[in-house]
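Below is one structure, written out as structure tokens; the observations come after it.
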Amino acid sequence: MKYFEFGKENKTTLLLLHGVDTTWQMSFEKFIDVAKKKYHIIAVAEDGFNTDEPDVDAVSVIEEAKKITEYLVENFDGKVDIILGESLGVMIMTEIMLDPRIKVHTAIGDGYTILEYPNFKFDISKRFFAHLLTEVEFFAFKHMGFFNKILGEDIDSMIYKNASKKTLYNLEYSMMPYRYKFEALNLADSYLWHGEKEPGLKQVLKKIDKSKYHFAHKVFKGKGHGSLLLEPKRLLREVDKAYRGYKGNIISS
């Protein structure tokens, strides 16, 4: 795992956590170009998707979060103004926030995909299911039209196709029986964003009880999973708005 910093002269820190099947460059490079003028950016090159360390595989969401947490405690006293997590990065974000040493002002989860895998009784079943899901991911890489249809957006330019099967298998295996940590949303000024076309939107509305967990939810019309990454200037405006604070469910054009 590596960390890349930009705009160090700026006071407000912005931690960027990319999703699975991509890299920090593919997801955030264009955004960083415009955001580094305003924010002190910390971009994480997560294990298994780090082009500088191609032989290092990811182990699990929890292990990734532990490494990043220790880095933040050691280098920033555990204080972060804004975290922007994309897709799987939202899960890493919530794990980080639950560490009592970490203090976050604004937490933004873009494309929070709530897919809880079954808790298999026998490990052989768990391993078989993880292997099956890994093969599906590799199939999707070779047939991006199929993948884009599921996500509601053409994001081929952001897909890292050199991730190892071991990395993908480890992440799938570690998701059983992972349960989402919605309570982390109560520890910061929290925001969840979704594209109108992405399937994760319905899961959020169904699963997260807003009477217990406090966050503002923004839905972007006509957009799919990760769409805002394709519009870096707009993404910067949205981050700015969240940091200033807004409340409630908002539908955006």
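Fully extending the segment from Asp52 to Lys212 would add 53.5 nm, taking 0.36 nm per residue of separation and subtracting the current Cα-Cα distance.
Of all DSSP bridge pairs formed entirely within the chain, close to 15 percent run antiparallel.
At q = 0.12, 0.16 Å⁻¹ the log10 of I(q)/I(0) for the range 7-82 amounts to -0.35, -0.62, computed by Debye summation with a single uniform scatterer per C-alpha, solvent ignored. Taking 18 Å as the cut-off, the amide N atoms of the range 81-104 that come nearer than this to a point 7 Å along the Cα-to-beta-carbon line of Asp240 belong to 82-84. Each Lys and Arg contributes +1 and each Asp and Glu -1, all at the Cβ; summed about the Cα centre of the chain, the dipole is approximately 1000 debye. Taking the square roots of 5 times each eigenvalue of the Cα gyration tensor of the range 1-131, largest first, gives ellipsoid semi-axes of 27, 16, 14 Å. Averaging 1/r over each pair of different alpha-carbon atoms in the chain and inverting the result gives 18.3 Å, the Kirkwood hydrodynamic radius. Report the FRET efficiency, 1/(1 + (r/R0)^6), for Arg101 and Glu9, where r is their Cβ-Cβ distance and R0 is 30 Å, rounded to 0.05. Once rounded, the FRET efficiency stands at 0.70. Dimensions of the range 1-43 based on its C-alpha atoms, expressed as ranges along the principal axes with the largest first, amount to 31, 20, 11 Å. Amide H to amide H, with H built 1.01 Å from N, Lys79 comes under 5 Å of Lys103, counting only residues 5 or more places away or on other chains.
For the chain, the mean residue ellipticity at 222 nm estimated from helices alone is -12000 deg cm²/dmol, where every DSSP H run of n ≥ 4 contributes -39500 (n - 2.57) and the total is divided by all residues, rounded to the nearest 500. Separation of the range 156-231 from the range 1-52 is 18 Å, based on Cα centroids.
No value in this document is a laboratory result; all are computed from the given coordinates. A quick note: this is a predicted structure, and the numbers were derived from the prediction, not measured. Cβ atoms come from the backbone with ideal geometry, glycine included; neighbour counts cover every protein chain shown.
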